[in-house]
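Here the structure is laid out as structure tokens; the discussion comes afterwards.
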Amino acid sequence: MTKPDYRIRKNNLPVAAKIEDKARRNMKTIFVNRFFYPDHSATSQILSELAFRLAEKGHTIEIITSRLRYDDPGAQLPAFENIRNVKVHRVASTRFGRAWLPGRLFDYLSFYLSASWRLLRLTQSGDIVVAKTDPPMISLPASWVARTKAASLVNWLQDIFPEVAQALGIKGIPSFAYAVLLKLRNSTTRNARQNVVLGEVMAQHLRDQGVADNRITVIHNMAVGPAIEAIPREQASLRDSWGLKDKFVVCYSGNLGRAHDYDTMLDAARLLQKQANIVFLFIGGGANFSKLKQATDNEKLANIRFEPYQDIELLSQSLAVADAHLVSLRPELEGLIVPSKIYGIMAAGRATLFIGSSSGEIAGLLERCNAGETIAQGDAQALANKIRALAEDPGRCKTLGDNARSAYQDNYMTDSIMLRWEKVLFPAQTDN
């Protein structure tokens, strides 16, 4: 005969279950990244999108970030805000900016110290700490706090440091330091509850560094902002306002940084100068953006146009300006970085011309989906030829864009990405 359960019940749940339910509701997820909304940088937009959507689903989300904006070093954001039910803690840091390497290191160091202290104060037993990769190696203090506070660590690897710095040949880091940094980084990835990476090539890189397969999860970045629509080119209002109505527009949208080759694009534009119907449009900023603009001005290249970052609410319209989009990644960075702009391009239903390794993440995606072409870095003639061919065959260009949109809907829609994140962060809840 079964013994009766005399434990006190409330709402028909045993006390033990109520305690567990209360602990679950009190558990919070704390993301650490140097930039957050309203900043426009890529890591900020991707993090902001995930944080707001998790909060909408009822999860307790807090952010530790800086008071800076990537595109405006003089900005001074408030120390604390509650934005769409996300608690944002902005810590003080130096603001030397990106141009001077020692100053950037001071910016990183001051953020490490301020963010670590705030994280130590906020974190409680059972919490989840998610360390993103700006600044590099933020997983080190995050890992220490997680262990100290009996919290869980999840690394969200947008890029893999120190390998990226070594591949880019960044000055000021002694060669012996890379081995030390690599050992420290590997200690955080091997011991984290989970490491979220952006693709299979990046996942394999972690496996090669000794990270167990069951501690690696591939989650692609979602397209950010309001749902991106596949707007037909003739309905893209910015084409008219920017004087591009009758042009074949090849667009690079977003950060044009040190990881991205721009010489191939510039050389292709030189080769296509006499093609009056073809225009190269660059929207955004970054270290190589200003270099490209300077070269354009010096040579008076009339077929290259520049526009600043657009408000997130205009993303569908700005992506729709293009007939085809350019994406670039230096081959030596494959497996270390995945350009997240590809998902917005696919959502917008546009063809992609990728400049980089034919064996890399983006090249494989485009081949599987039949959504674009891959061109070797430095082969400006091939890029010019492919642009000319698409301009002369708008039907094929549209087919590539339609394929991209279909693949996005099948594999990279926000709902499916969110489900994967919830399984990583809250496995006990999603398994029920």
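The values are calculated or read from the model by the stated rules, or taken from the named source; none is laboratory data. These figures come from a predicted structure and were not determined experimentally. Backbone-built Cβ (ideal geometry, glycine too); neighbour counts: all protein chains shown.
Looking at D134, D159, D127, which one is closer than 21 Å to G210 by Cα, of a type in the set (D, E, K, R) and assigned by TED's automatic domain parsing to the domain that holds T65? The match here is D159.
Picking from residues in the range 72-84 that are modelled with pLDDT of 85 or more and in a strand (DSSP E or B), the one that is nearest to R118 (Cα to Cα) is F80.
The residue that is modelled with the lowest pLDDT, among those in the range 220-240 that are part of a loop (DSSP other than H, G, I, E, B) and either small (G, A, S) or touching a Phe, Trp or Tyr at 6+ places or on another chain (Cβ under 7 Å) (or both), is G225. Being modelled with pLDDT of 95 or more, polar (S, T, N, Q) and either under 23 Å from the mean Cα position of the chain (by Cα) or in a loop (DSSP other than H, G, I, E, B) (or both), is that true of even one residue in the range 85-100? Yes, that holds for at least one residue. Within the range 53-70, the residues that satisfy the criterion of being over 28 Å from S416 (Cβ atoms) and within 17 Å of the chain's Cα centre (by Cα) are R69, Y70.
Filtering the range 275-303 down to residues that are among the polar types (S, T, N, Q) and touching a residue at least 60 places away in the same chain (Cβ under 8 Å), which residue is surrounded by the most Cβ atoms within 10 Å (Cβ to Cβ)? Filtering first and then ranking leaves Q275. Of all residues in the range 202-218, those that are in contact (Cβ under 8 Å) with a residue 60 or more places away in the chain and surrounded by 20 or more Cβ atoms within 10 Å (Cβ to Cβ) total 1. Screening the range 241-275 for residues that are under 25 Å from the mean Cα position of the chain (by Cα) and part of a loop (DSSP other than H, G, I, E, B) and picking the one that is nearest to A384 (Cα to Cα) gives Y262.
Candidates V154, V145: the one that is assigned by TED's automatic domain parsing to the domain that holds P73, modelled with pLDDT of 95 or more and not in a helix (DSSP H, G or I) is V154. When the residues of the range 418-430 are narrowed to those that are in contact with a Lys or Arg (Cβ under 9 Å, 6 or more places away or on another chain) and surrounded by 17 or more Cβ atoms within 10 Å (Cβ to Cβ), which ends up nearest to A227 (Cα to Cα)? Filtering the range 418-430 for residues that are in contact with a Lys or Arg (Cβ under 9 Å, 6 or more places away or on another chain) and surrounded by 17 or more Cβ atoms within 10 Å (Cβ to Cβ), the one nearest to A227 (Cα to Cα) comes out as M418.
Scanning the range 237-276 for residues that are over 26 Å from L329 (Cβ atoms) and either charged (D, E, K, R) or assigned by TED's automatic domain parsing to the domain that holds V424 (or both) yields a total of 6. Would you be able to say whether some residue in the range 20-34 is under 27 Å from I138 (Cα atoms), small (G, A, S) and modelled with pLDDT under 95? No, that holds for no residue. Please tell me if R104 is surrounded by fewer than 18 Cβ atoms within 10 Å (Cβ to Cβ) and assigned to a helix (DSSP H, G or I). Spelling it out, R104 is indeed surrounded by fewer than 18 Cβ atoms within 10 Å (Cβ to Cβ) and assigned to a helix (DSSP H, G or I). Residue count for the range 156-184 satisfying the condition of being within 12 Å of S139 (Cα to Cα) and exposed (fewer than 15 other Cβ atoms within 10 Å of the Cβ): 1. Number of residues in the range 304-341 that are farther than 21 Å from M222 by Cα and either surrounded by fewer than 20 Cβ atoms within 10 Å (Cβ to Cβ) or at pLDDT below 95 (or both) equals 7.
Here is a check on your reading of the model: is E367 surrounded by fewer than 24 Cβ atoms within 10 Å (Cβ to Cβ) and over 20 Å from E200 (Cβ atoms)? Answer is no for this residue.
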